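K.L.:
Here you go, one structure.
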Amino acid sequence: MTETIDLDVLRDELLTLGAATLYEASGWDTFLPAQIQPAWSGARVVGRALPVRAAAGDNLPLHLAVEQARPGEVLVVDAAGAPHGYWGEVLTTAAQYQGILGLVIYGGVRDIDRLEELGFPAFSNWIALEGTLKDDPGTVGDTIRIGKATIARGDIVVADRDGVAVIPAGRFPEVLESARARAVKEAQYMERIRGGELTMDLYSLRSPAVS
């Protein structure tokens with residue numbers, strides 16, 4: 001199933017639908033913690049997940065992931081949420097050479113001006129100066145969990161200024177169809193609102209009259 005998903009064809013559509021719509025359409029805990037936000041304004045990415053687990057304050061697994069990644073992947077890293085600069089300009093340059101599309105990390109990044117200049121989408125819960133060790137290899141490619149979301153290699157990552165959604169690859173076709181339908185319905189709602197209708201009525205939020 002995952003091999004039939006052509007993200008090059010779908011990328012613009014997925015970015016237009018956005019992480020929020022895809023998460024809501026999934027009906028599943030596909031969202032990463034709200035603290036994970038774009039490291040620079042305008043960062044957006046769509047790609048396949050390469051899960052990485054790193055010990056707090058150790059970025060050796062990120063170096064290993066850059067070596068092992070396939071073109072078109074996005075590194076999704078559980079770095080224990082620690083405020084260290086796990087990633088910066090050097091790893092970004094190496095990652096881009098390997099065809100890595102972006103980084104999502106439950107941890108910190110630095111050199112964000114250079115990341116923006118290089119056009120490398122990075123999402124993190126810290127901008128942090130503190131350095132890291134390079135002792136613990138962690139894991140690369142094994143399934144991880146960040147917050148409520150479980151991330152396996154090949155899952156679909158959509159990240160934008162609203163946050164990060166990771167859609168299980170096996171469920172992606174149905175989620176995409178649901179997201180498309182949701183977008184059409186919301187466009188219809190917007191037209192009705194512009195015509196004077198209230199959200200209380202659109203969403204049937206009024207209590208039944210008491211007889």
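Where a number appears in this text, it was derived from the coordinates with a stated rule and is not lab data. This structure is a prediction, so every number in the text was calculated from the model and none was measured. Cβ atoms come from the backbone with ideal geometry, glycine included; neighbour counts cover every protein chain shown.
K.L.:
What list do you get for Ser41, Ser207 if you sort them by fewest beta carbons within 10 Å? Walk me through the intermediate numbers first.
P.N.:
Working: Ser41 8, Ser207 5.
By the 10 Å Cβ count, ascending: Ser207, Ser41.
K.L.:
State the percent of C-alpha pairs, over all pairs in the stretch 91-211, separated by a distance greater than 24 angstrom.
P.N.:
Details: 3756 of 7260 pairs.
Of the Cα pairs, 52 percent sit more than 24 Å apart.
K.L.:
Right, next: Determine the principal axes of the Cα atoms in the chain, then give the extent along each, sorted from largest to smallest and rounded to whole angstroms.
P.N.:
Here the spans come out as 71, 36, 32 Å, largest first.
K.L.:
Enumerate the amide H contacts of Ala149 below 5 Å, restricted to partners 5 or more residues apart or on another chain; note that Pro and chain-start residues carry no placed amide H.
P.N.:
none
K.L.:
Still on this structure, I have one more. When only alpha-carbon atoms count, how far does the stretch 59-120 stretch along each of its three principal axes, as whole angstroms with the largest first?
P.N.:
27, 25, 15
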